[in-house]
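Participant: Sharing a structure with you now.
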2 protein chains.
Amino acid sequence: MSGSGSGADDGATAPGPQPRRRGRPRRSPQDAGPGTRERILQAARDEFAERGYDKASMRGIAKAAGVDAALVHHYFGTKDDVFAAAIEVSFEPVLAVSAVIGRGGTEGIGERLARYFIGVWENPATRAPLLAVVRSALTNETAAKVLRTFVLRRLLERVAAELDVPDPTFRAELAASHMVGIAILRYVIKAEPLASADPERIIELVAPTLQRYLTQP
Amino acid sequence: MSGSGSGADDGATAPGPQPRRRGRPRRSPQDAGPGTRERILQAARDEFAERGYDKASMRGIAKAAGVDAALVHHYFGTKDDVFAAAIEVSFEPVLAVSAVIGRGGTEGIGERLARYFIGVWENPATRAPLLAVVRSALTNETAAKVLRTFVLRRLLERVAAELDVPDPTFRAELAASHMVGIAILRYVIKAEPLASADPERIIELVAPTLQRYLTQP
């Protein structure tokens with residue numbers, strides 16, 4: 001946060017000779033090396049997950065990625081842009097939901113969806129970035145807007161496209177709202193008995209709800 | 001946040017005559033007058049609602065209530081204690097749920113519950129403090145613990161006591177999770193089409209879900 005970490009010389013890793021600047025030396029985009037973009041995104045996800053949108057800083061992200069803050073700006077632009085890019089990757093497993101739905105038609109769609117979402121949340125690797133987004137979106141209007149426009153709209157439209165019910169987007173959103181609420185009580189608030197419940201028991205009870213929202217006329 | 005407000009002297013609240021200190025003159029509890037406690041609680045709810053747990057300060061609450069920070073400490077103790085007291089009042093309408101459930105038995109319980117919760121959230125006076133708690137609990141472990149122990153446990157136990165199903169607390173919590181998820185997508189993230197949906201349409205679709213969780217063996 002505090003400006004530590006920008007000190008030294010990311011330039012040390014540069015291949016060729018570079019003119020030394022006054023103040024902080026910086027990597028130019030050309031010498032950032034392969035994988036830098038991914039490393040920054042990973043650092044951004046971690047930073048947003050741990051600190052939430054408001055407290056996360058470009059400098060903290062840059063430090064964790066081992067690059068200069070200017071490079072983060074170069075790749076992504078503003079903090080909002082970094083956030084949008086970071087959560088877009090985070091939501092890839094969630095957005096893959098249309099494949100889950102498409103497979104097998106609407107029979108058993110409720111259980112497949114419940115199992116898929118619980119699986120995404122049970123996996124620590126996919127849970128952390130989701131938590132980051134949810135936490136940020138609940139306390140910051142910019143983050144909420146990113147979630148609303150980048151993620152939810154696409155997610156809901158993909159699910160809705162597979163449905164044969166009136167108001168399919170509304171139906172998909174009701175199903176999503178239930179999964180969001182479960183995630184919040186189980187993984188964020190850690191309210192018992194839901195927090196310790198066997199995932200299979202949750203799926204068993206929730207599947208018929210999702211099935212009804214997504215298929216019942 | 002910055003350590004302001006911790007400076008001096010909760011000792012100012014000691015009984016008996018007090019030496020005047022340097023700096024701001026302060027009201028002693030004796031001259032706080034009737035309604036002070038309520039005014040502080042109201043200010044606390046507003047402060048937590050607007051700023052979230054982390055950013056809310058005892059000093060900000062005191063200022064909004066027109067009292068000294070030491071008086072807030074005197075009445076409530078720490079910031080955690082103020083938070084707990086503030087949200088306890090906020091949740092009174094929610095905790096009144098057992099009356100809603102008790103009335104009329106389990107027939108139609110799903111619709112009564114859905115209507116009751118949507119009503120609490122549609123009313124700006126009750127929505128604001130609920131939003132405050134949800135926002136705070138999602139970003140702060142202390143606030144999450146307060147919500148978990150003071151509110152959810154009591155709420156769920158009251159609802160569970162009225163039910164005749166296996167694992168009634170788990171069932172009540174699944175119902176609660178759906179209402180929490182709807183509240184978050186509709187009122188916090190403001191995701192469409194749920195954000196603009198007619199409350200009656202939400203109740204109509206959600207009631208059977210709650211009914212099933214709370215009554216189906």
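Participant: Excluding residues fewer than 8 places away in the same chain, name every one of the lysines whose C-alpha is closer than 20 Å to that of B:LYS145.
Facilitator: The qualifying lysines are A:LYS190, B:LYS55, B:LYS79.
Participant: Here is a follow-up. Please give me the summed charge of the neighbours of A:ALA172: other residues whose Cβ is under 10 Å from its Cβ, Lys and Arg +1, Asp and Glu -1. Walk me through the intermediate numbers first.
Facilitator: Working: positive: A:ARG158, A:ARG171; negative: A:GLU157, A:GLU162, A:ASP167, A:GLU173.
Taking every Cβ under 10 Å from that of A:ALA172, the sum is -2.
Participant: Per residue of B:137-143, what is the mean number of Cβ atoms on other protein chains within 10 angstrom of that residue's Cβ?
Facilitator: Mean partner-chain Cβ count within 10 Å for B:137-143: 5.
Participant: Let's test this: bin the Cα-Cα distances of the stretch B:150-204 at 5 Å from zero up to the farthest pair and state each bin's percent.
Facilitator: That works out to 4, 19, 22, 18, 14, 15, 8, 1, in percent per bin.
Participant: Run the paramagnetic zone check for A:THR142: 7 angstrom along Cα to Cβ, then residues of the stretch A:46-67 with backbone nitrogen under 16 Å.
Facilitator: Under 16 Å, as judged by backbone N against the label point of A:THR142, lie A:47-49, A:51-62 of the stretch A:46-67.
Participant: Let me ask another. Taking 0.36 nm per residue of separation and subtracting the Cα-Cα distance, what length does fully extending A:VAL89 through A:ASN123 add?
Facilitator: Value of the extension gain: 10.7 nm.
Participant: For B:ILE118, B:ILE87, B:ILE61, what's the fewest-to-most ordering of other Cβ within 10 Å of each Cβ?
Facilitator: B:ILE118, B:ILE87, B:ILE61
Participant: If you line up the Cα atoms of the stretch B:32-78 on their principal axes, what length do they span on each, largest first, in Å?
Facilitator: 28, 16, 14 Å, listed from the longest principal axis down.
Participant: Now, a different point. Give, in whole angstrom and from largest to smallest, the semi-axes √(5λ) of the equivalent ellipsoid of the stretch A:91-215, with λ running over the eigenvalues of the Cα gyration tensor.
Facilitator: Equivalent ellipsoid of the stretch A:91-215: 22, 19, 12 Å, largest first.
Participant: Give the average, rounded to an integer, of partner chain Cβ atoms located within 10 angstrom of each Cβ in A:195-208.
Facilitator: Going residue by residue through A:195-208 and averaging, the value is 2.
Participant: Going by C-beta contacts inside 10 Å, put A:MET58, A:MET179 in order with the fewest on the left.
Facilitator: In order of increasing Cβ crowding within 10 Å: A:MET58, A:MET179.
Participant: Taking the alpha-carbon distance from A:LYS63 and a cut-off under 20 Å, which aspartates and glutamates remain once sequence neighbours fewer than 8 residues away in the same chain are dropped?
Facilitator: A:ASP9, A:ASP10, A:ASP31, A:GLU38, A:ASP46, A:GLU47, A:GLU50, A:ASP54, A:ASP80, A:ASP81
Participant: So for each of B:194-206, A:63-75 I average, over its residues, the number of other beta carbons within 10 Å; can you give me the resulting order with the highest mean first? Write out the running numbers ahead of the final one.
Facilitator: On the way: B:194-206: 15.9, A:63-75: 19.9.
Descending packing order for the listed peptides: A:63-75, B:194-206.
Any read-out appearing in this document is the output of simple, stated calculations on the displayed coordinates, not a laboratory observation. Please read these numbers as outputs of a predicted model, since none were measured by experiment. FYI the Cβ positions are ideal-geometry reconstructions off the backbone, even for glycines, and counts take in every protein chain you see.
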